[in-house]
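Colleague: Mind looking over this structure? Questions follow.
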Amino acid sequence: MILFLRDLNILNYIYAPDSSTRASYKDDKILKTKNIDLENNSGSDEAFLEEAKNHDTRFSLGIDVIMFFVMITLVGISFSVISNYLFIFLSKRVGADTAILGISTPFSIALEVPTFYFSEYVIKRFGIAKMIFTTHLLMILRVVLYMFMPSFVPNAYYMLPIELLHGISYALLWSAAVAYVQNRAPKGLGSTFQGVLSTLWSNMSSSIGAVLGVLKRANDAKF
């Protein structure tokens, strides 16, 4: 019975029923949810009903939350494509050797630590939306610079300053994403929402980005 009630409560988180079907509590032993009358509860059931009455935390999974997760997935795909195929691009198009590619990794993460350190101040000063918007601009700038490197850059060492943009953009985005999810998650589901965020970024987006990169390289090989 306890598991059933908790599963029912999770459904209410998602579907956010209207006032006619929302749970109403008559006393410690009666709970009506979607016209289901559960009476004569005792023991642990009664304790759960009392807790549910005092902590009714339903919320509407708004379009802003859905669009945020979609955005995280798309940005994660972009990061995945860059991370998985940047070295191939630099070696083939710019002529970067293994030494330059090895040096580029510390450059790419050099600014992550200070950016994460000051992220709380940046969030309070500018807000989450501006941080995410800035991340998008930095990603676009990074990709555009790489795109024009083969034509205008005399040697591959000029890629190192560009790699600094990765640390800033990644740290800003991840700090803003974690803060947003923490603010929007209902009471008791904070860890669940953080898990969804991590899954979309680290698993789904990375996999899709890797596959898209392979398809792009296979298509280029035909011409």
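The values are calculated or read from the model by the stated rules, or taken from the named source; none is laboratory data. This is a predicted model, so every value here is computed, not measured. Note that we place each Cβ from the backbone using ideal geometry, even for glycine, and neighbour counts take in every protein chain shown.
Colleague: Of these, Thr135, Thr115, which one is in the same structural domain as Trp174 (by TED's automatic domain parsing) and touching a Ser or Thr at 6+ places or on another chain (Cβ under 6 Å)?
Modeller: Thr135
Colleague: Among the residues of the stretch 175-189, write down those that are over 12 Å from Ile123 (Cβ atoms) and not in a loop (DSSP other than H, G, I, E, B).
Modeller: Val181, Arg184, listed by residue number.
Colleague: Shifting gears a bit: If you take just the helices (runs of 4 or more DSSP H) that sit entirely in the stretch 59-166, which of them hold at least 3 residues that are surrounded by 16 or more Cβ atoms within 10 Å (Cβ to Cβ) and under 17 Å from the mean Cα position of the chain (by Cα)?
Modeller: The helices (runs of 4 or more DSSP H) meeting that bar are 63-89, 128-152.
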